[in-house]
Amino acid sequence: MTMMMQTVTSINMLTEMYSSDDLESISKSDLMETYVRLKLTQTYNVIRHKCEKNNIEFGFTLDDLAPFPLKCPVLGLDIDYFKKGHGGSNFSPSIDRMTPEDGYVSGNVRIISQKANRLKQDSSVEEQIRLLAYSTGVSEDAIHKTLEAYL
């Protein structure tokens, strides 16, 4: 089910719960933001607990992640804030540390897709370069030289 279909389904559920007069006074964008914040609060609390347990620096709020992206800024996938049930999917939102060693702090966190975060966390830059070389047939040296020209 696409995110648009899920949004329509959620709106249809609201029309069953509220009168049309009540619904006219509710902004769809405010409703969406409230729902996304509710969903992200669960992830936020898990991260906060993990940071306390593992002595990882923690200091951000959900406001630091706003505006909440509808597409993954890394892979361009639609982010699915409406997934039901346990566990995530490739399209679920994931709170990413841009520089992992800096912790979960304001200015170092963003929302990306779970797939992008998994790809990022499971490999080093050097492994990603090797994968890119393998996938494209371009030598690792050529990739390194190209990267050095941009860095």
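The values are calculated or read from the model by the stated rules, or taken from the named source; none is laboratory data. This is a predicted model, so every value here is computed, not measured. Neighbour counts are summed over all protein chains in view; Cβ atoms, including those assigned to glycine, are modelled from backbone coordinates with ideal geometry.
When the residues of the range 42-78 are filtered to those that are more than 18 Å from residue 115 (Cα to Cα) and β-branched (Val, Ile, Thr), the one that is farthest from the chain's Cα centre (by Cα) is 56. What residue, among those in the range 11-70 that are among the small types (Gly, Ala, Ser) and part of a helix (DSSP H, G or I), is nearest to residue 96 (Cα to Cα)? Per the stated criteria, the residue is 29. Cβ-Cβ contacts under 9 Å between residues 6 or more apart (or on different chains), taken from a first residue in the range 45-57 that is surrounded by fewer than 11 Cβ atoms within 10 Å (Cβ to Cβ) to a second residue that is not β-branched (Val, Ile, Thr), are listed as 52/58. In the range 79-123, the qualifying residues are those that are under 24 Å from residue 143 (Cα atoms) and modelled with pLDDT under 85, and the one that is nearest to the chain's Cα centre (by Cα) is 121.
In the range 90-98, the count of residues that are buried (at least 18 other Cβ atoms within 10 Å of the Cβ), part of a loop (DSSP other than H, G, I, E, B) and not β-branched (Val, Ile, Thr) is one or more. The number of residues in the range 58-71 that are in contact with a helix residue (DSSP H, G or I) (Cβ under 9 Å, 6 or more places away or on another chain), exposed (fewer than 12 other Cβ atoms within 10 Å of the Cβ) and either closer than 16 Å to residue 108 by Cβ or at pLDDT 95 or above (or both) comes to 1.
If a residue must be surrounded by 15 or more Cβ atoms within 10 Å (Cβ to Cβ) and not aromatic (Phe, Trp, Tyr), how many such residues does the range 79-89 contain? Total satisfying the criteria: 4.
Of all residues in the range 5-28, none that is closer than 23 Å to residue 79 by Cβ has its Cβ atom under 6 Å from the Cβ atom of a residue that is modelled with pLDDT under 65, 6 or more apart or on another chain.
Considering each residue of the range 108-118 in turn, at least one proves to be under 15 Å from residue 40 (Cα atoms), part of a strand (DSSP E or B) and small (Gly, Ala, Ser). Go through the range 74-97 and give me each residue that's in contact with a Phe, Trp or Tyr (Cβ under 9 Å, 6 or more places away or on another chain) and either within 16 Å of residue 37 (Cα to Cα) or among the acidic types (Asp, Glu) (or both). Within the range 74-97, 78, 79, 80, 81, 82, 83, 92, 93, 95 meet the criteria.
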